[in-house]
């Protein structure tokens, strides 16, 4: 740690950024071809993903190496702190768009479609017979065509089943798991600050396990929704908002679990992180707390008031 | 740190230097400006006379769409990021941007994104044809297959913007020289700090809305489909929640630029520095609560119409503070009219005209008449062309001597200014008239009664386009053979960037300067 405030570490030329751009481009270019039905799409997508993963591996290795060799002064570390903080804020805004869509549909769009607002004639002329309800089982299209809902009653959806059935309700247990994992990752943080390597490894390992259990439970819930309830992405706005909100959250849990797993491996295999120098882990733990907070929001608006 | 630039193409591909990256951003944005300009000229050529002459209507729609997308995301935004890259570290006495490799990554995403977006012109079914605002269901149910490429291009250019914004925030908050307190920062730095916050707040929302489109198109969700319980109007709400802050992203850095230039050529300090900072922050805050003024005619509850109308009118207050301050800075100043100053004065006057037509559009009942007419086109071109484009041009003339170490020809610069100034007004002023008379936007044909003003607009457009070719020539000939510039360049400019030699050395402020 010889660097002081006066000399900010500016890295030499680097091949990482251009390759990262190329990998990112190939990935989305392949994905677009794939979605448009081009048979070469999946290959391009895969190649791009590999390039991108390879670049990220090298990029993080480079940053870790620079830190270990003392190139990263306190000022550069503050840049990383700002960077991670505002990255998480951008993620918050991404979720805000989907939460906003849910609120708009429930408070504006559905009441209009259901004819609950006097000045709108939409219901009478376009969707006769449609009643707004939530969870929405019969879409306007189904109402007009006289189709029955695949899901039969309000007891057969994923929403809050009442206090009596709380303990046999999967989302409740997922909430318990995720909230506990936020506590365990905090214990891990406290442990590394007190230089307790074994405790750090254990608490972090427990956190990763809780993350994996959460994801398995989520997969079970999706399976249940698709096969037993007939609730899919295609079954109208309820399925849309349900799967998109919980799905993007699940994707973030996956990424967060992976990040924490990498931190765990770094600690167990390489002995990385010191009591006063562990921002790599801390950033991952911030990310973990963030997915936890998003889940609390989801639990309240998607499940409890769902 | 003591080394110079690498040789050959590797310098540009692998660089971590904020000046190299700034130059690449600026050249890239200029290329996109010309490309978007060509699209605009196709539109104006078709509209030269009533009737269908040159292109078929679908291609016309592709041109309006691509013109908007390329100008907003390819020309204006990258140009401001390029200026931030060049100037922010020098203005605050930092050795470079806070995260130099990520900086280069932010840039290099853009050529890939725009190559992908432009390639849609050659795809089956053609390029996106639903307007740059890509309203559902035009952009979902009725979109050409290339919409998938458009969506992913938006995704990656959004990632580029977010990373750029994070970098700028970290640089400004973390890398100021000792003594450079927040309220001593040049206004360009302040406006960019606030712009960066706007970017981080709304680019993810844009990513969210194109993701919803992607899901609706390819995975059968119902976000924007009333048959499934969704709502196409939902698209407009989410889009404009991004879109309105986005227009301030394209104008706040411009405020910073003219706030640097006008004091220099008035030979007076900027009037009301603190009020400028607060006004910028107020505009940024208000930008989040006015989005539905783009949607007055869509069918909103009366309370919504009223709220968004009054909130929009509030923006005139901080904007008025700014215009007042620029005018007060010039008042009783010792004015000279070098090219950057000409562009800046034109900015103040013409942007104010665009602001007033914005105030007209903000009146909800009146907007029912103006909506989707050429009056709207006139309005936003008056704020974007003399606003964003003129300020960027002014910035290039103002700082090019510092970047290249060479002075442009004042005669050529002034010629460029007058051609651009006349071309711009001849193009866009008549659109107020044709719009008020009822000419709808985005239509390749029009009634005979609009013929005169459209012909004049088209002539102005080609004049304006020609002026930009002259600009390209001026910049290149300055870099190649301009006469040597002094270190200070101007008579008594304020700011740390003028304390370093011209051209600015490859690395500046490796040891931070002391700011009194």
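Bear in mind that the values in this text are calculations on the coordinates, not laboratory data. Small disclaimer: the values here were computed from a predicted structure and weren't measured. Cβ placement follows ideal geometry from the backbone for every residue including glycine, while neighbour counts extend to all protein chains displayed.
What to note about this one:
- Area projected by the alpha carbon convex hull of region B:230-300, averaged over all directions, nm²: 5.7
- Take each residue in B:4-14, count the other chain C-beta atoms within 10 Å of its C-beta, and the mean is 2.
- Comparing region A:171-306 with the 2.2 N^0.38 Å rule of thumb, its C-alpha radius of gyration ratio is 1.16 (two decimals).
- Once both labels are positioned 7 Å from their Cα atoms along Cα-to-Cβ, the gap between residue A:179 and residue B:487 label points is 6.4 nm.
- Residue ranges B:76-84, B:324-332 sort as B:76-84, B:324-332 when ordered by packing (mean number of other C-beta atoms within 10 Å per residue, highest first).
- For the protein assembly as shown: span of alpha carbons on each principal axis (Å, largest first): 81, 75, 50
- In degrees, nearest ten, helix B:410-436 long axis to first principal axis of chain B (Cα): 20
- Region B:427-505: Rg to Rh, with Rh as the Kirkwood radius over Cα pairs: 1.30
- Look at the stretch B:155-161: the mean tally of other chain Cβ atoms within 10 Å of its residues' Cβ atoms is 3.
- Per-peptide average of other Cβ atoms within 10 Å, ordering B:501-513, B:455-467 highest first: B:455-467, B:501-513
- Axis angle, to the nearest 10 degrees, between helix B:374-383 and the longest C-alpha principal axis of chain B: 10 degrees.
- Whole-percent P(r), chain B, all Cα pairs, 10 Å bins from 0: 4, 19, 30, 28, 14, 5, 0.
- Of the residues A:78, A:148, the one with the fewest other Cβ atoms within 10 Å heads the list, and the complete ranking is A:148, A:78.
- Among B:155, B:218, B:447, B:244, the order by Cβ neighbours within 10 angstrom, fewest to most, reads B:447, B:218, B:155, B:244.
- For peptide A:71-84, the mean count of partner chain Cβ atoms within 10 Å of a residue's Cβ comes to 4.
- Mean separation of Cα contacts under 8 Å, 6 or more apart, over the residue count of chain B: relative contact order %: 18
- Taking the fewest neighbouring Cβ atoms within 10 Å as the starting point, the ordered list for B:478, B:352 is B:352, B:478.
- Crossing angle, helix B:302-314 versus chain B [Cα axis fit, 0-90 degrees, rounded to tens]: 20
- Ordering of B:416-427, A:34-45 by burial proxy (mean other Cβ atoms within 10 Å per residue, highest first): B:416-427, A:34-45
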